[in-house]
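Below is one structure, written out as structure tokens; the observations come after it.
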Amino acid sequence: MRPFVGLIFLWLFSAPLQAQTDTIAFADTVMPATSLYRLNKTYLLSYFTDLPKVAVSPVHFTAKNWRNTALVAAGAGALLLADKKVFELMNANRSKISNDVAGVVEPFGNKYPPLIIGSMYLAGVLTKNRKMEHASLMTAKSLVFSTIFYTATKQVVRRRRPRFTEDPFDANSPFEGGREYTSFPSGHSNTVFTVATALALEFRDTKWVPPLVYTIATLTAVSRLYENKHWSSDVYVGAAIGHFVTKALYKVEEKKARPKLYKLD
């Protein structure tokens with residue numbers, strides 16, 4: 001099944017890339033081929049230089065950015081209050097079909113992303129398609145960065161998973177407790193939304209790509225609720241971290257491409 005998934009995604013994203021292999025677009029910025037990443041020293045060093053920039057990106061937030069941040073925080077707060085109701089709703093509406101769907105999409109949150117990224121990179125190298133090669137490396141870097149942020153959050157917010165308690169406010173002290181106290185935020189949701197956001201940005205000119213990847217990401221996130229692995233607010237915040245960390249990284253790359261015209265919006 002895993003090789004099949006990799007081939008499907010490789011086929012889906014290869015067609016849009018064939019048309020333009022020498023440039024990549026960031027909003028109103030077109031980067032030349034020399035700006036596209038390859039697996040070399042420059043790319044590896046960019047992990048160390050870009051991570052701090054992503055971490056401090058809120059310093060450059062505009063009023064619109066802060067408004068969006070407030071809306072995300074409000075949504076997380078609302079779900080926190082509704083966590084138990086959502087938990088009960090999920091457990092009261094189980095069926096064979098929903099079981100099957102959850103089983104199909106769940107691996108997109110942990111097993112499939114490395115396969116998808118690796119397949120894209122290998123195809124880019126073998127076909128000399130620089131844009132596909134760059135897309136795979138950017139997705140990989142986005143995933144590493146978002147994983148750092150969500151795992152650090154898990155260590156501080158030691159929330160108990162719903163399969164061990166019916167109290168959504170059951171938590172331990174920071175850095176204390178075992179794996180059952182790693183509910184917040186959802187790692188699967190973070191991972192799948194990181195990859196979905198990166199692919200949506202890389203292939204924004206192909207209209208069907210963003211709806212496809214975000215649909216898969218949403219179903220994967222919901223599957224974590226269905227399987228009692230996370231509370232709804234865990235899933236929401238995990239998805240938000242993956243999405244916004246990835247967008248922040250792409251803004252960093254855009255700034256490097258056109259520093260004088262760069263504007264964070």
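The values are calculated or read from the model by the stated rules, or taken from the named source; none is laboratory data. This one's a predicted model, so the numbers in the text were calculated from it and none came from an experiment. Every residue, glycine among them, receives a Cβ derived from its backbone with ideal geometry; neighbour counts consider all protein chains shown.
What the table below lists for this structure:
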| read-out | value |
| --- | --- |
| Top-ranked residue of region 100-128 - restricted to ones that are surrounded by fewer than 18 Cβ atoms within 10 Å (Cβ to Cβ) and polar (S, T, N, Q), ranked as farthest from LYS256 (Cα to Cα) | ASN110 |
| Residue within region 188-195 that is in contact with a Lys or Arg (Cβ under 6 Å, 6 or more places away or on another chain) and within 30 Å of MET90 (Cα to Cα) present | yes |
| Matching entry among SER233, SER223 (being surrounded by 24 or more Cβ atoms within 10 Å (Cβ to Cβ), closer than 21 Å to VAL72 by Cβ and more than 12 Å from the chain's Cα centre (by Cα)) | SER233 |
| Considering residues of region 199-215 that are surrounded by fewer than 21 Cβ atoms within 10 Å (Cβ to Cβ) and β-branched (Val, Ile, Thr) only, the residue farthest from the chain's Cα centre (by Cα) | THR206 |
| Number of the condition not met by ARG67 [criteria: (1) surrounded by fewer than 16 Cβ atoms within 10 Å (Cβ to Cβ); (2) closer than 29 Å to GLU166 by Cβ] | (2) |
| Residue ranges of helices (runs of 4 or more DSSP H) in region 1-105 with at least 2 members modelled with pLDDT of 95 or more | 41-55, 63-92 |
| Every residue from region 168-186 that is assigned to a helix (DSSP H, G or I) and at pLDDT below 95 | ARG179, GLU180 |
| Sole exception among (1) within 26 Å of LEU51 (Cβ to Cβ); (2) surrounded by fewer than 18 Cβ atoms within 10 Å (Cβ to Cβ); (3) of a type outside the set (Phe, Trp, Tyr) for GLY178, by number | (1) |
| Sole exception among (1) loosely packed, with under 11 Cβ neighbours inside 10 Å; (2) among the β-branched types (Val, Ile, Thr); (3) closer than 15 Å to PHE244 by Cα for ILE97, by number | (3) |
| Filtered residue count, region 72-96, keeping only those that are closer than 19 Å to ARG160 by Cα and among the charged types (D, E, K, R) | 4 |
